[in-house]
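Q: Handing you a structure now.
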Amino acid sequence: MGFPSCADRTPQAEACATRTIPNHANTLEIIHTIEWMKLATRQAKAEGRCAGFVPTMGALHDGHMALVRAALSECRPVIASIFVNPTQFGPSEDFQKYPRAFEADCKKLADAGVDYLFAPEPAEIYPPGFRTWVNVEGLSERLEGRARPGHFRGVTTVVLKLLEIVQPQKAFFGRKDAQQARIIRQMARDLHLDSEIVVCPIVREADGLAMSSRNTYLNPQERRAATILFRALDAARASIASGERDALRLMAAMREMLRTEKLAEPDYVELVDADTLEQVTRLRGDCLALLAVRIGAVRLIDNLLIEEQPDEKFLATL
Ligand code: AMP
């Protein structure tokens, strides 16, 4: 038995969905309402299928598509969402001008073989009278949360809503947003969610810059300068490979490196425990080196995962 299609719909349901984009092997069905999205995935669940979910804010690049490919390798149906979530943007942030490329995104998802695209309007997700928020205390106030108050409350609230609507067996997130992934894992554990949270590697441009929808804001000079985040983290990686274990020295060296790029204005440079996100003075267990740097008006983040190996060596992964 297949997934619900236009042909299976009642006239009411028909009015909820807009259109489908066929490709050679598959049809991407674009869904705008919670009601129809629930119907489609509840059917997959009842049939015992392993539904995979990739939530995004659109303007899709290969970092997003790597999550889609990971989902397609383990799950069917695969559902992607595009929702530029207003509640995770601060009042002076780029919600209005956040890059939007809906038609191109639909084509990429259809070509990749995604089954459903959930693309609700803000009023569908936040109807008048909306009052309930989810906040993961202790992890949400640090780092990105300190620089962007309320950001993670917006993220966790929308991710919980999306997981509740889609009810996937597995949901795929990128380590590009390492703090976000850590917070979502905590939320899933604390709220006994059924979805497994899968965290995928960072996808980078050929020169090391982590792919991001916001990279499109960079002018050519800023684009060149933006590789400083990768270069600082890569220097830390090399230093760890040569035996450096002092986190304070590693942080100082990364700050020093960032100072060599005149367009770069660091927001934070921290080496933290990967579980608590608290700063460490020496490498121990799994850690993250996290950077947030302004290049002109564009704020970029990147990180290095540092994992302790059984032989007390550390493996650092960009
Ligand atoms: P966004 O559209 O920026 O909200 O990102 C949607 C998902 O894609 C999040 O789980 C991000 O962590 C992930 N993502 C964004 N950029 C990358 C990247 N360069 N590599 C891997 N995952 C990414």
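The values are calculated or read from the model by the stated rules, or taken from the named source; none is laboratory data. Every value quoted in this text rests on a predicted model; they were computed, and no experiment measured them. Every residue, glycine among them, receives a Cβ derived from its backbone with ideal geometry; neighbour counts consider all protein chains shown.
Listed here are the residues, each with its yes/no results for (1) surrounded by 14 or more Cβ atoms within 10 Å (Cβ to Cβ); (2) more than 30 Å from V159 (Cα to Cα); (3) modelled with pLDDT of 95 or more; (4) out of contact with any Asp or Glu (no Cβ under 8 Å at 6 or more places or on another chain).
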| position | (1), (2), (3), (4) |
| --- | --- |
| L193 | yes, no, yes, yes |
| L218 | yes, no, yes, yes |
| A225 | yes, yes, yes, no |
| L248 | no, yes, yes, yes |
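Q: Given the conditions (1) assigned to a strand (DSSP E or B); (2) within 16 Å of the ligand (Cβ to nearest atom); (3) over 20 Å from the mean Cα position of the chain (by Cα); (4) not small (G, A, S), report the number of the one that R223 does not fulfil.
A: For R223, the exception is condition (1).
Q: Pairs needed: first member in region 168-183, closer than 14 Å to L305 by Cβ and within 9 Å of the ligand (Cβ to nearest atom); second member anywhere, at pLDDT 95 or above and charged (D, E, K, R); C-beta distance under 7 Å; at least 6 residues apart or different chains.
A: Going by the 7 Å Cβ cut-off, the qualifying pairs are A181/R175.
Q: Given the criteria farther than 27 Å from D275 by Cα and exposed (fewer than 15 other Cβ atoms within 10 Å of the Cβ), does A112 qualify?
A: Against the criterion (farther than 27 Å from D275 by Cα and exposed (fewer than 15 other Cβ atoms within 10 Å of the Cβ)), A112 does not qualify.
Q: Of L258, L318, L305, L283, which residue is under 30 Å from R189 (Cα atoms), more than 24 Å from the chain's Cα centre (by Cα) and either surrounded by 14 or more Cβ atoms within 10 Å (Cβ to Cβ) or among the charged types (D, E, K, R) (or both)?
A: L283
Q: Being among the small types (G, A, S), touching a Lys or Arg at 6+ places or on another chain (Cβ under 9 Å) and free of Cβ contacts under 8 Å to residues at least 60 places away in the same chain is the requirement here; does A274 meet it?
A: Considered against the rule, which asks whether it is among the small types (G, A, S), touching a Lys or Arg at 6+ places or on another chain (Cβ under 9 Å) and free of Cβ contacts under 8 Å to residues at least 60 places away in the same chain, A274 comes out as no.
Q: Right, another one. For the condition more than 26 Å from D286 (Cα to Cα) and hydrophobic (A, V, I, L, M, F, W, C), what is the one hit in A181, A225, A210?
A: A225
Q: Right, here's the next one. Does F95 fit the bill of being under 18 Å from R214 (Cα atoms) and either surrounded by fewer than 20 Cβ atoms within 10 Å (Cβ to Cβ) or among the charged types (D, E, K, R) (or both)?
A: yes
Q: Name the single residue that is nearest to G138 (Cα to Cα) among those in region 261-276 being buried (at least 19 other Cβ atoms within 10 Å of the Cβ) and charged (D, E, K, R).
A: The selected residue is E270.
Q: Which residue pairs have Cβ atoms closer than 7 Å, lie 6 or more positions apart in sequence or on different chains, and pair a first residue in region 35-62 that is free of Cβ contacts under 8 Å to residues at least 24 places away in the same chain with a second residue that is more than 11 Å from the ligand (Cβ to nearest atom)?
A: Partner pairs satisfying both residue conditions: E35/C16; W36/A13; W36/C16; W36/A17.
Q: A follow-up question, please. Looking only at region 186-215, filter to residues that are away from the ligand (no atom under 12 Å from the Cβ) and part of a helix (DSSP H, G or I); which one of those is nearest to F89 (Cα to Cα)?
A: For region 186-215, the residue satisfying everything is M187.
Q: Take the residues in region 69-84 that are surrounded by 21 or more Cβ atoms within 10 Å (Cβ to Cβ) and touching a residue at least 60 places away in the same chain (Cβ under 8 Å), then tell me which one is farthest from the ligand (Cβ to nearest atom).
A: P77
Q: Quick one: how many residues across region 40-58 are away from the ligand (no atom under 16 Å from the Cβ) and either assigned to a helix (DSSP H, G or I) or surrounded by 24 or more Cβ atoms within 10 Å (Cβ to Cβ) (or both)?
A: 8
Q: Would you please name the residue that is farthest from P266 (Cα to Cα), looking only at residues in region 227-246 that are small (G, A, S) and buried (at least 17 other Cβ atoms within 10 Å of the Cβ)?
A: Restricting to residues being small (G, A, S) and buried (at least 17 other Cβ atoms within 10 Å of the Cβ), the top hit is S239.
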